[in-house]
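Data first, discussion second: the structure below is written as structure tokens.
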Amino acid sequence: MVLLEYKRCARCGRILHISHFNRNISMPDGRQMHCRECGKIATAESRAKAEERRAIRNEAVAILNGDVPMNVVSVEAILKHIVEVL
């Protein structure tokens, strides 16, 4: 078995020591495909996108429940935004 000391990040392309990659036993080399720094960025992006979808859904539910007057928010604008986000 050959132990690698350096690896290329699949996201940023940098060649880093394996200590910069989290462990992942399902991968052939036992490490994640992307470095820890890129993993943090990907997680932050994913959480931000999920929060945006959650806010849109909550706003749509409020409109459908009659909690928000129709003249305050355009249903068409919300539906258009939902389609863009998804």
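The values are calculated or read from the model by the stated rules, or taken from the named source; none is laboratory data. Model, not experiment: these values are computed from the prediction. When we count neighbours, we look across all protein chains shown, and the Cβ atoms used for this are built from the backbone with ideal geometry, even at glycine.
Arg11 is checked against (1) at pLDDT below 80; (2) basic (Lys, Arg); (3) assigned to a loop (DSSP other than H, G, I, E, B) and fails just one. What number does that condition carry? For Arg11, the exception is condition (1). If you go through the range 38-66 and keep only what is surrounded by 13 or more Cβ atoms within 10 Å (Cβ to Cβ) and closer than 17 Å to Cys12 by Cα, you end up with Cys38, Gly39, Ile41.
Scanning the range 23-43 for residues being in contact with a His (Cβ under 9 Å, 6 or more places away or on another chain) and part of a loop (DSSP other than H, G, I, E, B) gives a total of 1.
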